[in-house]
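The block underneath contains the structure these notes are about, expressed in structure tokens.
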Amino acid sequence: MTLKFLTCINGFFSIGLSFILVLVLGLCVSMPAAHALSEGQRLLNEAWRIVDRAYVDDTFNQHNWWQVRQQALKQPLGDREAAYAAIQTMLASLDDPFTRLLRPDQYRSLQTSTSGELTGVGLQIALDAATGELEVIAPIEGSPAEQAGIQPRDRILEIDGIPTTQLTLDEAAQRMRGIVGSAVKLTIKHVENPPTELSLVRGRIILNPVVAELRSTMQGSPIGYIRLNQFNANATAELAHALARFEKQGADAYILDLRNNPGGLLQAGIEVARLWLDTGTIVYTVNRQGIEGSFAAMGSALTHDPLVVLVNQGTASASEILAGALQDNGRAQLVGETTFGKGLIQSLFELPDGAGLAVTVAKYETPLHHDIHRLGIRPDLRVPLESLTREQIGTDADSQYQAAVELLTNPAVLAGAA
């Protein structure tokens, strides 16, 4: 049997992973002959075998995993949807929300978001819950959408003549992706203007998860502000590029904004930590056999300037690995709110029909051996989160950001808070 799997530590579909292809040959569990099973039963059987081999808890949440399989296979499973429902029921017995089935469109979306590039028009989109209309969050810099003049909060009414009210978010995104050089027609409504039809030629879009700006404090000290939105395949290179640029421009300190960063690639989280650390453990991992592994800094820090990391309840997974590594090694002060608390590592496995399984394969601990699962990481300086618009993040209206600036210019703030 050949399995394709991807190592990740992200519990959200919007998030992704360092792609690792391996061959797994042979399993010791005896199975009935494949020809005796229907297509749906074979799909379920494959999902069962993946979990049986890889899941972090070899008690399977105190369930007899073989009996779980036998019970599931008693169902007819006449089509793919029935098989998916049975797989989801089987996985639910583990009581682990991060071990889950990804339908083919969800699996492709996750691969795209974590690979660091896509082909399409380059729009970040969302559904307006009140109207059901498709709304532009922002065009990606340099994309065909930006060049066509599409702006944040524009409404996408139709894609190639199909009303977007008839499409799910994934379906709309899929229709705007496509082969480089091919065209797609979008009907766009900007504010009170009448709808306009635009023909966009799809291109190759590089997903840059880093927003970086050199700013000055009231005292005139240059501070590098870096917001990292996701740990995709481009995260390390883009953050390193921003750091190198700021160092040349004379930055005296840094603010790293990890708020609402849901995680992504495990390896990206480790590599980003190495940009800030010369020495020290970054993270410990523990697998189902209780074997402990670790990742450490490699003497490659790009700066030793003071650093404050912004965190909140949306800071999760790879973001927590990075925040924990910087806090436990005394490299940075954390400001904001207690983080999400996801201390589990998943691998992604591809199923024969193009769907996938995210399976928890290990747990992790911070360098000081804190198990943060369901507990999160407490900031050094707690500042409650305010309701902010996208445009207000990292501005004078952002109290957490302002607290970070104050901490870098007046370290006594932290001592006073303690």
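Values as computed for the structure displayed
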item	result
Simple spin-label estimate for residue 196 and residue 409 in nanometres, 7 Å along Cα-Cβ	4.1 nm
Extension gain (nm, one decimal) between residue 392 and residue 67, 0.36 nm per residue minus Cα-Cα	111.7 nm
Residue-level accessible surface for residue 298, protein heavy atoms, 1.4 Å, Å²	130 Å²
Solvent exposure, largest accessible area first (probe 1.4 Å, DNA, RNA and ligands not counted), of 366, 112	112, 366
Answer label for semi-axes √(5λ) of the Cα gyration tensor in Å (calculated), chosen among (i) 43, 26, 24; (ii) 38, 31, 18; (iii) 38, 24, 20	(ii)
Computed E for residue 58/residue 106 - FRET, C-beta separation, R0 41 angstrom, nearest 0.05	0.90
Amide H contacts under 5 Å for residue 334, placed H, 5+ residues apart	309, 380, 381
Residue 341 long-range amide H proximity, modeled H, under 5 Å	317, 376, 377
Inter-centroid distance (Cα atoms) of the stretch 37-59 relative to the stretch 131-173, Å	38 Å
Relative contact order of the stretch 198-346, defined on C-alpha pairs under 8 angstrom at six or more residues apart (%)	21 percent
Average accessible area per residue (Å²) across the chain - probe 1.4 Å, nucleic acids and ligands excluded	45 Å²
Rel. contact order, % - alpha carbon contacts under 8 angstrom, at least six apart, the chain	17 percent
Label-point gap, in nm, between residue 171 and residue 370 - each point 7 angstrom along Cα→Cβ	4.5 nm
Percent accessible area from carbon and sulfur atoms, the stretch 221-352, protein chains only, probe 1.4 Å	48 percent
Heavy-atom accessible area ranking, 1.4 Å probe, most first, across 93, 143, 115	115, 93, 143
Residue 189 - accessible surface, heavy atoms, 1.4 Å probe, Å² rounded to 10	60 Å²
Gaussian network model of the chain, Cα within-10 Å springs - most flexible of 408, 228, 368	368
Mean ellipticity per residue at 222 nm, deg cm²/dmol - from DSSP H runs of n ≥ 4 across the chain, formula -39500 (n - 2.57)	-8000 deg cm²/dmol
The stretch 74-159: relative contact order as a whole-number percent, Cα under 8 Å and 6+ apart	17 percent
Nearest-0.05 FRET efficiency for residue 126 and residue 245, computed from C-beta distance (R0 45 Å)	0.90
Cα gyration tensor shape for the stretch 38-157, rounded if a/c is under 1.5, else prolate or oblate	prolate
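The values are calculated or read from the model by the stated rules, or taken from the named source; none is laboratory data. As the structure is a computational prediction, the values presented were derived from the model and not from experiment. Reconstructed Cβ throughout: ideal geometry from the backbone, glycine too, with neighbour counts over all protein chains shown. Note: areas computed on protein heavy atoms with side chains; ligands, DNA, RNA excluded. Shrake-Rupley method; radii C 1.70, N 1.55, O 1.52, S 1.80 Å.
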